[in-house]
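The values are calculated or read from the model by the stated rules, or taken from the named source; none is laboratory data. Every value quoted in this text rests on a predicted model; they were computed, and no experiment measured them. Glycine also receives a Cβ, built like all others from the backbone with ideal geometry; neighbour counts cover every protein chain displayed.
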Amino acid sequence: MLQHITAAVKSTIDLEWIRCTGCSLHYQGIVDGIVRCLTRIYIPWWCKRTNRLMTESARRRATKRKNKILTHQ
């Protein structure tokens, strides 16, 4: 799965400016480093955010269910 994410990042983000600034010899290493850093930062962030949203929705459902019980509906 990580390969799919790194491929998507490489194809989506335009990093051609690195090659144009005179770093053509180190271009691939720099791009790989940027992609690796992005995936290490944003994959855990996205997972935590998704879990937080899921727990909030579960909390709302539980509150609605408790309110129904308390109001005898």
(request) Out of the residues in the stretch 9-26 that are under 12 Å from Leu38 (Cα atoms) and among the hydrophobic types (A, V, I, L, M, F, W, C), state the one that is farthest from the chain's Cα centre (by Cα). (result) Ile13
(message) Quick check on Thr21: is it out of contact with any Phe, Trp or Tyr (no Cβ under 7 Å at 6 or more places or on another chain), of a type in the set (Val, Ile, Thr) and modelled with pLDDT under 85?
(response) yes
